[in-house]
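The values are calculated or read from the model by the stated rules, or taken from the named source; none is laboratory data. Model, not experiment: these values are computed from the prediction. Here Cβ is always computed from backbone atoms with ideal geometry, including for glycine, and neighbour counts include all displayed protein chains. Accessible surface areas use protein heavy atoms only, side chains included; no ligands, DNA or RNA. Shrake-Rupley method; radii C 1.70, N 1.55, O 1.52, S 1.80 Å.
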Amino acid sequence: MKAMGIIFSNIYDSSLGELTNQRTVASLPFGSRYRQVDFVLSNFSNSGIYNVGIITKYNYRSLMDHLGNCAAWDMNRKNEGVVVLPPFASGNTGVYKGKLEALYSAVHFIDNPDYDCVVICDSTVLCNMNFRPAIRHHLGSGCDVTIVANREGDQLRKKHPLILKANQKKRVTEIMLDTYVRPGSYVGMGMFIINRSLLVEALQDSNSRGLVHLERDYLQKRFNDKSLKLSVYEYDGVVLRNEDIRSYYANNMALLNADVRKGLFKQESPIYTKVRDEAPTYYGKGSDINDCMMADGCVLYGNVEKSVLFRGVRVEKGARVKACIVMQGTKIGKGASLECVILDKNVTVTDGAVLKGTPEHPVIIQKGEVV
Amino acid sequence: MYFRKKDCVAMILAGGQGSRLMVLTENTAKPAVPFGGKYRLIDFPLSNCVNSGIDTVGILTQYQPLQLNEYIGNGTPWGLNSSNGGIHVLSPYSKSASSEWYKGTANAIFQNISFIDRYHPDNVLILSGDHIYKMDYSKMMAQHVKNRADCTIAVLEVPMEEASRFGIMNADENGKIIEFQEKPKEPKSNKASMGIYIFRWEVLKEYLIADNDDPESSNDFGKNIIPKLLADQYRLYTYDFEGYWKDVGTIASLWQSNMDILGEKPLLDMREKKNRIYSRNYAHPSSYIAPEAEIVDSYVAEGSTVYGKVYHSIISTGCVIEKDAVIRNSLVMPNAVVETHSEIRYAIIGEDAVVHANARIGDNPEFYDKNKWDIAVVGKDKVVEQNKILLPKEIY
């Protein structure tokens, strides 16, 4: 059983606002030194899936720059590797609106007889998962599609794009879209395993009917028609969903929790990212750093608390940074005071500047700005 | 098979066992010894080569090459994964007529004449694998070419009272070398050889072959090749280097050199954007600094978790410093663990070592007789049991 991978780099950019103005959600920085796509790419690499297509729509320069030759993920291979699939805008397609359309534009890549099944993933659901047991489950289930999902017991009041109910044999009994978590239900993780030939057939069929959305127009519709058997593969590890700015902020902060770090970063299956050759981080005299994730290449003289700092950040004397996400190359001037702020790459915070947001509504400073 | 011609091929002498670094080099070659939190000694000459535009490098090694080989890989971390040139680890091998280990620095190059010849270089740059410095070799090369020199030797001005520990170059006002003294009792100059040579390949090759035929020779650049070239009236010049340079052949110098990267304006700046030092990266997550941690004037590398207190020290990649552990003026090498209430002062903790709770390792120099005090060392992979006391100068 040989599997190939598909990653969506930006189907739902709009929910992340300013942060994805100039990049795909896949290349959105996360967790002090990563881009979101690093997680799913590393999962593929650690699961021995080396033929991976990344479907892009627009704004994909930063993604291409990040991927390079994909050596960092052990994906620069002779016969396999990562293929970036820009919009296949020939004929009447145009830029696609949904995953089904997007997949159809990559049908030539997918329809490769060397592979038996396709693992389809979003780049916004972050976890450290090996796909091998999930693929074994898919084979054993006898179902057409396996949906990877987890239980989000304590977040009953949160809306999710895909909610499932399943019986004891993990066969899906009900499929609901854009709704609240119900007790005992599963929350889809944007990962699907499907046989290649079935997928190709479905894509050609849905294209001829003008269908757009994978979940609504294919999975739910065909399931309700009783022409599609669905199975759930339950993942019980740490799952972080960056669906909007609030969850993106909260999930970055969640990394300050040792259990979350343990569930996301495992020695036996590392999360890889682009190497930047920064020196280690220097903690100067007068610096006071508490409860922080700290990437390499920072120079710290100020006070930083409960924050996530990316590579090459500089915090000057007397600056106070609390509950912030500070991306690569940002400089925070003397005596500046920041709380609940997301600072994008290469921002300059001038001496004495004061910015304050709340965890629900963090202030966002865009790439390269001076405040 | 034809190889594209190269102006210069660099050869790094990395064969030493580094016996003076003892426990830190057990099962590993000296150039693979960790430095500065995320580097290894070999990163310095390799990165200098790349930053100077040299893309063909041979590394000569014969002692425990496995870890070094693994570390170098195909040279990607330094951008030396080129299909034309690139990086080559050159171990001694059996030949039809003879097979032998590298007997000396010159012999190591002699045994690899055919490797260098493939690239038809005008000049060969000879480097050492255990020196910490940043240098643009292209400037030295430009001077070498301008002087129409047969050999150029990089020199550093050292304090006169220390000059007798080095190979001293006595040169005229144009930098032409008149005399060479190896560790002289009465040095005539304070220009010490840094062990960095550029030779015209044509000349060097001839002298290497002659040197190999001489049974009296100890096959060493400093002792044999340089004096012979001088005696035969070749054009040897010095190249004055200004900046940080340190031979880290001893525990004390390795420790000192690590301390030299600390501070707001360090002697050796690892943070500057130009002349960056590259290293192999092991996909660690970022470091986590706990609320109870206290870190002052120190480097902490990615993949580390710090709950304890760290003063004027270097914590390398993947280390764990537990709550109430105290590290002062020390180097903790990659993946070492220091458990709670342990105190480490003026020490080097080796790679993958574990210091169990409540141990005391090393101490401040001011409490000890000068010749009884030195850096305390916990070796690679060593496990220090609970409550153990390791005095200064002790090696565990």
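For the reader, a short list of remarks on this structure follows.
- Looking only at residues in region A:288-312 that are facing another protein chain (nearest Cβ under 7 Å) and in a loop (DSSP other than H, G, I, E, B), the one that is surrounded by the fewest Cβ atoms within 10 Å (Cβ to Cβ) is A:ASP291.
- Counted residues, region A:342-360 - those being assigned to a strand (DSSP E or B) and farther than 21 Å from B:SER287 by Cα: 5
- The one condition in (1) more than 9 Å from every other protein chain (Cβ to nearest Cβ); (2) of a type outside the set (S, T, N, Q); (3) assigned to a loop (DSSP other than H, G, I, E, B) that A:LYS285 fails to fulfil: (1)
- Leading residue by the ranking (modelled with the lowest pLDDT) among those in region B:58-77 that are open to solvent by less than 40 Å² (accessible area, probe 1.4 Å) and not in a helix (DSSP H, G or I): B:THR61
Listed here are the residues, each with its yes/no results for (1) among the hydrophobic types (A, V, I, L, M, F, W, C); (2) at pLDDT 95 or above; (3) in contact with a helix residue (DSSP H, G or I) (Cβ under 9 Å, 6 or more places away or on another chain).
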position	(1), (2), (3)
A:LEU199	yes, yes, yes
A:SER206	no, no, yes
A:ARG209	no, no, yes
A:LYS226	no, no, no
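- Which numbered condition A:LYS322 fails, given (1) closer than 16 Å to A:GLY335 by Cα; (2) out of contact with any Lys or Arg (no Cβ under 8 Å at 6 or more places or on another chain): (2)
- Test for B:GLU339: is it within 26 Å of A:ASP296 (Cβ to Cβ) and among the acidic types (Asp, Glu): yes
- Residues of region A:233-265 that turn out to be outside any helix (DSSP H, G or I) and without any contact (Cβ under 8 Å) to a residue 60 or more places away in the chain, as a count: 2
- Scanning region B:122-158 for residues that are open to solvent by 10 Å² or more (accessible area, probe 1.4 Å) and more than 16 Å from B:PHE241 (Cβ to Cβ) yields B:ASP122, B:ASN123, B:ASP130, B:VAL145, B:LYS146, B:ARG148, B:ASP150.
- Meets criteria (assigned to a loop (DSSP other than H, G, I, E, B) and within 14 Å of chain A (Cβ to nearest Cβ)) for B:GLY37: yes
- So A:ASP277, is it more than 7 Å from every other protein chain (Cβ to nearest Cβ), closer than 30 Å to B:MET259 by Cβ, more than 18 Å from the chain's Cα centre (by Cα) and of a type in the set (Asp, Glu): no
- Strands (runs of 3 or more DSSP E) contained entirely in region B:98-175, each with at least 1 residues that are among the β-branched types (Val, Ile, Thr) and farther than 21 Å from B:PRO31 by Cβ: B:151-157, B:167-171
- For region A:2-45, the tally of residues that are within 14 Å of chain B (Cβ to nearest Cβ) and in a strand (DSSP E or B) stands at 4.
- The condition of being buried (at least 16 other Cβ atoms within 10 Å of the Cβ) and modelled with pLDDT of 70 or more does not hold for B:GLY15.
- Subset of region A:314-340 (residues that are assigned to a strand (DSSP E or B) and either surrounded by fewer than 24 Cβ atoms within 10 Å (Cβ to Cβ) or free of Cβ contacts under 8 Å to residues at least 12 places away in the same chain (or both)): A:ARG314, A:ARG320, A:LYS322, A:LYS331, A:SER337, A:GLU339
- Residue within region B:175-190 that is under 17 Å from B:LEU127 (Cα atoms) and either open to solvent by less than 30 Å² (accessible area, probe 1.4 Å) or β-branched (Val, Ile, Thr) (or both) present: no
- Whichever residue in region A:255-274 is within 19 Å of the chain's Cα centre (by Cα) and farther than 26 Å from A:CYS70 by Cβ and, among such residues, is surrounded by the most Cβ atoms within 10 Å (Cβ to Cβ): A:LEU256
- For region A:51-65, the set of residues classified as open to solvent by 10 Å² or more (accessible area, probe 1.4 Å) and either closer than 14 Å to A:CYS121 by Cα or assigned to a helix (DSSP H, G or I) (or both) consists of A:ASN51, A:ARG61, A:SER62, A:MET64, A:ASP65, listed by residue number.
- The residue that is least open to solvent (accessible area, probe 1.4 Å), among those in region B:337-380 that are at positive phi and not hydroxyl-bearing (Ser, Thr, Tyr), is B:GLY362.
- Region A:241-267, residues that are more than 10 Å from chain B (Cβ to nearest Cβ) and in contact with a helix residue (DSSP H, G or I) (Cβ under 8 Å, 6 or more places away or on another chain): A:ARG241, A:ASN242, A:GLU243, A:ASP244, A:ILE245, A:TYR248, A:ALA254, A:VAL260
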